[in-house]
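Peer 1: Quick one: the structure is below, and I'll ask about it shortly.
Every read-out reported here was derived from the displayed coordinates using simple, explicitly stated rules and does not represent laboratory data. Given the structure is predicted, the values throughout are model-derived calculations rather than measurements. Positions of Cβ are backbone-derived with ideal geometry, glycine not excepted, and every protein chain shown enters the neighbour counts.
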Amino acid sequence: MPRLQSLEAALKHYFGYDRFRLGQQQIIEQALQNQDLLIVMPTGGGKSLCFQLPALLKQGLTVVVSPLIALMQDQVEALQDNGIGATFLNSSLNSYQVRSREQAILSGNVKLLYIAPERLLSDRFLPFLDLVQEKIGIAAFAIDEAHCVSEWGHDFRPEYRHLKQLRRRYSGVPTLALTATATDRVRQDIIQQLGLKQPSIHIASFNRPNLYYEVQPKQKQSYSQLLQLIRQTQGSGIVYCLSRRKVDEITLKLQNDGIVALPYHAGLSDAQRTANQTSFIRDNARVMVATIAFGMGINKPDVRFVIHYDLPRNIESYYQESGRAGRDGEPARCTLFFSYGDIKTIEYLIEQKPDPQEQRIARQQLRQVLDFAEGTDCRRTIVLGYFGERFAGNCGNCDCCRYPKPVADWTIEAMKFLSCVARCQERFGMNHIIDVLRGSKSQKILQYGHQKLSTYGIGKDKSVEDWRLLGRSLLHQGLVDQTTDGYSVLKLNAHSWEVMRRQRSVAIAVTTVQIPSAQPLDTQTAEVEMLFQRLRSLRKQIADEQSVAPYVVFADSTLKLMAQQQPQTLAQFGQLSGVGTHKLSQYGRIFLAEILAYCQEQGLTVQQDTTTPLPATPSDTELFTLQLHQQGLSLEEIAQKRNLRLTTIVRHLSDLVEKNQAVNLNRLVERDRQAKILQALQAVGSHSLNQIREYLGEDYTYDEIRLVRGRWRHENR
């Protein structure tokens, strides 16, 4: 079979996708040729697949370096749910679990190992890695979040600098460095710090066309503004705030208004942060209100909105944080609340930095954020330009492109403003200049005698916000300067005098609030939405039974395809993007039953499925579970030995029963209880575990029902 066909077949088999995203196939082919690679691909662009698929096609273990426990566990859960041998080693495990997982690695049952850099390079683990190299081989090192290696990156972590040891110790093992954002300077630093050998560099577009970018002026009643936005936007979302106090305040208000929201910041205990993050990922909480402590590596693809309640510190952080939205490629909304009051907070934080050079860089970054917030050009043009990527034309998916802001000629106002700066002898900041223009009687103005200036009171017709908008616009257009010594004193420059001599005109954008209106649903769209919501509920039920995030079962995009195409046979269901061989076997029948039930309720024609219901051959992981069961181990002992959840072992055995394998069901469920469960299945059907349990009562467990359901399905094929 040609390489292209075999790669696409592997993609469909393991991950359920029909085709590669742009750039993935070339990267994977080079990875299979053992080349060093630097992959810069935006959040949601498919970076993980670039090392996961080669890991499954190559001999040996692929070691994935990941900085966060949550990220490791999420990715491993998703891989295991696809039937892929993956595990992690981190501080959440006890010594027995660590030894058991290491044994599984040496036995060749694990293809991908996720591990933090500190543990990977520890004196205890490196000798074990030498043993892995000797016994089964190391296929590759994948360094995820590789920007952490660079001091110029937005999340520098010193421990990443030591990863260069891997190149010295395992010189023949290829390294793949992956990151979502990296300027040219950071890319060069990654290559040098990791010792990459003539790497092939892949830089995908930073454009996320599914994200709608907008900036809204932060109103006086900013919480009401936030609440309205959340209520009119469906799905899960993140609200970013600058301070812990604001996070707690907003969370409490949202909870009081009936929004299921949780806080996340460094002031909470590790256990509380983990619990809150898990609730959010599993759709038990709709909104996460967080400081920037929350975000990196959060593997939740169906976040539908990200709101920056306060101004972000720099464009790179904003791109990363807003990029948590829409990782599944579905439409998502990124809103920034812009208030000049937030600038003072960030300026204060900048002033706390001990290094003057750090302060200078931070102020420059703040100015870039203000350029974005106040800009009248396409938001994408501004963001992508920061990363050195040109974007031409109207994107059609930001507020500036959908609702162009009117530009007003404010040359006369600019002349008044700059003239006031001159009359005040270039010794004061913006607030004082505005007070003079508006005729304030503050003690400071009287102290300096500025009530006697010719510019005193000539700007009463404009509000404080109007003058501040003009002042900032003059700064960003380079028509006035500002000192960077911490006092922010306004200084005139050559362009300032050109304006005052009427040699240069000044135009500024008049900011307006535009809320995209919801499009009314036609009948067909409404029916699809109804089925989609039913499938979401079913997915949530299955996910809760298995203690995993809903997206681990199926992505929103796959559920939407189910709702739109309404497959009526397992063969049709297996053709959907996102449905691989393992997921077809695992979930095909239950989702198909929900779709068919909906079609029958709507009076639609239902096609009889004449295809083979499920693959008759057990998977390797099911056979391993069967072998331990036949050795007499209990469910709990099998789960502990395999380092898998108990629900996973139960699912293996129920599928094995359904496939007519030699499972001793009588040892797992008492005979009289089997009879009662079979009666319930006959009465209410096999579709819903909840309905079966309601019929039986709470004395019966979901595990018992699932196991007996496997027998019932086998007998009723």
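Peer 1: Reachable aspartates and glutamates from LYS560, Cα under 13 Å, same-chain residues fewer than 8 places away excluded?
Peer 2: LYS560 reaches ASP302, ASP328, GLU330, GLU527, GLU529.
Peer 1: May I pose another question? Using label points projected 7 Å from each Cα along Cα→Cβ, tell me how many nm separate LYS441 and GLN357, to one decimal.
Peer 2: 5.2 nm
Peer 1: Viscosity 1.306 mPa s, temperature 10 °C: what is the translational diffusion coefficient of the stretch 211-402 from Stokes-Einstein with a Kirkwood Rh over Cα pairs, rounded to a whole number of µm²/s?
Peer 2: Taking Rh from Cα pairs, D becomes 92 µm²/s.
Peer 1: If the cut-off is 20 Å between C-alpha atoms, which aspartates and glutamates fall inside it for LYS405, apart from same-chain ones fewer than 8 positions away?
Peer 2: Here the aspartates and glutamates satisfying the reach criterion relative to LYS405 are GLU214, ASP371, GLU374, ASP377, GLU413, GLU465, ASP466.
Peer 1: Moving on to the next point. Do any trypsin sites (Lys or Arg not before Pro) in the stretch 637-708 lie in a DSSP loop with no more than 16 other beta carbon atoms within 10 Å, and if so, which?
Peer 2: The qualifying sites are ARG645.
Peer 1: Taking a threshold of 28 Å on the Cα-Cα distance, which of the pairs LYS220/LYS460; LYS220/LYS491; LYS111/LYS300 fall above it?
Peer 2: As for pairs spanning more than 28 Å Cα to Cα, those are LYS220/LYS491.
Peer 1: For the chain, calculate the relative contact order in percent as a whole number, restricting contacts to Cα pairs under 8 Å that are 6 or more residues apart.
Peer 2: 11 percent
Peer 1: Amide H of GLN216 versus every other amide H placed in the peptide plane: which residues, excluding those fewer than 5 positions away on the same chain, fall under 5 Å?
Peer 2: For GLN216, whose amide H was placed from the backbone, the distant partners under 5 Å are LEU336, PHE337, PHE338.
Peer 1: Please list, or write none, the aspartates and glutamates whose alpha carbon is within less than 12 Å of the alpha carbon of LYS676, excluding same-chain residues fewer than 8 places away.
Peer 2: ASP699, GLU704
Peer 1: Further question: Quickly work out the ALA422-to-ASN664 label distance, labels modelled 7 Å from Cα along the C-beta direction, and quote it in nm with one decimal.
Peer 2: Spacing of the two 7 Å Cα→Cβ label points: 9.8 nm.
Peer 1: Find the Rg to Rh ratio for the stretch 407-509, where Rh is the Kirkwood radius over alpha-carbon pairs and Rg uses the same atoms.
Peer 2: My calculation of the ratio gives 0.94.
Peer 1: Trypsin sites (Lys or Arg not before Pro) within the stretch 208-315: which are DSSP loop residues with at most 12 other Cβ atoms inside 10 Å?
Peer 2: LYS220
Peer 1: Loop-only check: which trypsin sites (Lys or Arg not before Pro) in the stretch 411-512 are DSSP coil with at most 12 other Cβ within 10 angstrom?
Peer 2: Hits after loop and neighbour filter: ARG427, LYS441, LYS460, ARG501, ARG502.
Peer 1: So what is the 222 nm mean residue ellipticity for the chain from helices alone, if each DSSP H run of at least 4 adds -39500 (n - 2.57) and you divide by all residues, rounding to the nearest 500 deg cm²/dmol?
Peer 2: Per the formula, -15000 deg cm²/dmol.
Peer 1: Could you derive backbone 3J(HN,Hα) for the stretch 24-40 from the dihedral phi with the Karplus parameters 6.51, -1.76 and 1.60 (θ = phi - 60°), listing whole Hz in sequence and x where the residue is Gly or Pro?
Peer 2: 5, 4, 4, 4, 5, 4, 5, 5, 5, 8, 6, 8, 6, 9, 10, 10, 10
Peer 1: Output the 0 to 90 degree angle, nearest 10, between the alpha-carbon long axis of helix 356-374 and the longest principal axis computed from the alpha carbons of the chain.
Peer 2: Roughly 90 degrees, rounded to the nearest 10.
Peer 1: Work out from phi, with θ = phi - 60° and the Karplus expression 6.51 cos²θ - 1.76 cosθ + 1.60, the ³J(HN,Hα) of each residue of the stretch 548-557, listed in order in whole Hz, and give x for Gly and Pro.
Peer 2: Karplus-based 3J(HN,Hα) across the stretch 548-557 equals 10, 6, x, 5, 5, 6, 8, 6, 3, 4 Hz.
Peer 1: As an exercise, take the mean of 1/r over every pair of distinct alpha carbons in the chain, invert it, and state the Kirkwood radius in angstroms.
Peer 2: Working: mean 1/r = 0.0348 Å⁻¹.
Computed over the chain, the radius equals 28.7 Å.
Peer 1: Hey, what do the phi angles of the stretch 161-173 turn into as Karplus ³J(HN,Hα) couplings, whole Hz, using 6.51/-1.76/1.60 and θ = phi - 60°, x for Gly and Pro?
Peer 2: Those phi angles translate into 4, 7, 5, 4, 4, 4, 5, 6, 7, 10, 4, x, 8 Hz.
Peer 1: Moving on. Positive end of the charge dipole of the chain (Lys, Arg +1 and Asp, Glu -1 on Cβ, about the Cα centre): tell me which of GLN640, ASN276, TYR598 has its Cα farthest that way.
Peer 2: Most positive-ward Cα: ASN276.
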